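No lab work stands behind these numbers, since they all come straight from the coordinates. Model, not experiment: these values are computed from the prediction. Cβ placement follows ideal geometry from the backbone for every residue including glycine, while neighbour counts extend to all protein chains displayed.
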Amino acid sequence: MTAPPQAQLGIPEVSFIGRTDVPVMVSDARLRGRVSAYPKATGPVYVDSGGFNELKRHGRWTVPAEDYIARGRRCQREFGTDPDGRPWLHALWQQDWMCERPIIEGGVVAGQRYAGTRAFLDPGKVLDYDQLVVVHQMMTVLNGKRMRELAPDLPVGYVVQGDTPDSYVRCVDMFRDYAGIDLTQEPIVGVGSVCARQNTDEFRPIMEALHARGLNRLHTFGVKVTGLMACRDLIASYDSQTAYLAARYLRRRMPDCDEHQSTARTCANHLHAGLSWYRDIDSRVREACHRPPAARRPAMKRRPVLERGETRPLKREPPTDGSETAIASAVQSSQDMVGTDRALDRDGRDQRPAPGLPHGRTRRKADNDTLLPRPPRRDRETGRRARAVAGTPTNARRPRRRAPAATPGAPVRARRAGDAVRTPTAPRR
Ligand SMILES: [Zn+2]
């Protein structure tokens, strides 16, 4: 029997912080634009940096670490403290760099458009995917170092990133070597880039490798039930933003809806919908933790986990054409770009954003407009999309269809009673 992991409820609205005592996770994207005071918390609050959406949309961090830390300080102040005087802000997760392939390479995956960090880090396409994973790990480590320097007083949460079990362990060593941070001493460490891997055989080996390296308090972001159940003995806490999905797909108000003031047609953003997810998953996990783990099928043959200080050569040796310099310059240029208004298009060319759009919804809409060209109009009769012809605006209105011209000699319908009688207007003088 193992201690059950702690569930954290992802919340889409800042106001929920003051309305429930269950642990909640709120994204910095929700806190960013809020001018009025944050609510007084009534339970533990974890702040996520919103890195996935940031990198997905922009291909890089546009939020300076200083701004994020300032917001973290504000959270600690305004959320208040529990009865024992401990701040309700339990963790401020760092601004990490995920290593999922779509995040790095960009493009459209499963209907979602990713800007791709390669367009900024390696526009010349010198580095391969494995090397860009190293760049992302390095960026994560350097951000962790920066956040520790800026805010030794805040509960900053560090995130290990990677691709394979070995690369996650390498990231732990990078934290020690380049930032002087010993993750084995941290109260909680996040495991990034596992959202898409949780239902596969890759998830458990990663978690086992980190445990073997001495990281026994691990948080997984965006957990899915299958992965959670398979690794419940290796996870200290987990969160989910999908708590409201069931309510969204229900397409009507739930029978036990208590948001009497709300005029929404579904419960997609109601706290009670999230809480019902929370209670359900929490009881299932607790119940599962009291059962002995089911006999697993024999593990796939894996390479032994690296011991501390041991290294293993990369799958592919890095080319000796100065790629180390390319990695270093990619890291440097990306750091230079944080907080500036410099933007590159998908081919790596410099592109200024539209002027006069400081931040928030307007800018996001402008980004969408530039990133996602509107698909061509569908033909009314066939339903097919018009083929784009170079130089032809596909969104242009089609010419209005005219009535067929009367053919000479065709029979003319006789005028009936009720037809509008058109009187010729007098010629203008
Ligand atoms: Zn509701």
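Values as computed for the structure displayed
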item	result
Gain in span if fully extended, GLN332 to CYS289, counting 0.36 nm per residue against the direct Cα distance	10.9 nm
For SER334, SER36, SER276, order by how many other beta-carbon atoms lie within 10 Å, fewest first	SER36, SER276, SER334
Fully extended contour minus Cα-Cα distance, from THR382 to GLU78, at 0.36 nm per residue	103.7 nm
Phi to ³J(HN,Hα) by Karplus 6.51 cos²θ - 1.76 cosθ + 1.60 over the range 38-44, Hz, x for Gly, Pro	5, x, 5, 6, 10, x, x
Net charge dipole size for the range 12-135 [Lys, Arg +1 and Asp, Glu -1 on Cβ; Debye, nearest 20]	440
Distance between the range 232-292 and the range 147-183 - C-alpha centres, whole angstrom	31
Cα gyration tensor shape of the range 130-261, rounded if a/c is under 1.5, else prolate or oblate by comparing a/b with b/c	prolate
Antiparallel bridge percentage (DSSP; both residues within the range 6-290; nearest 5)	15
The range 166-286 - percent relative contact order, Cα under 8 Å, separation 6 or more	19
Net length gained if the chain between HIS211 and GLU186 were fully extended (0.36 nm per residue, minus Cα distance)	7.7 nm
Rule-of-thumb Rg ratio for the range 6-290 [Cα; 2.2 N^0.38 Å; N residues]	1.00
Residues of the range 186-225 with amide N under 13 Å of the 7 Å Cα→Cβ point at ARG148	186-187
Packing-based exposure ordering (other Cβ within 10 Å, fewest first) of CYS99, CYS171, CYS257	CYS257, CYS99, CYS171
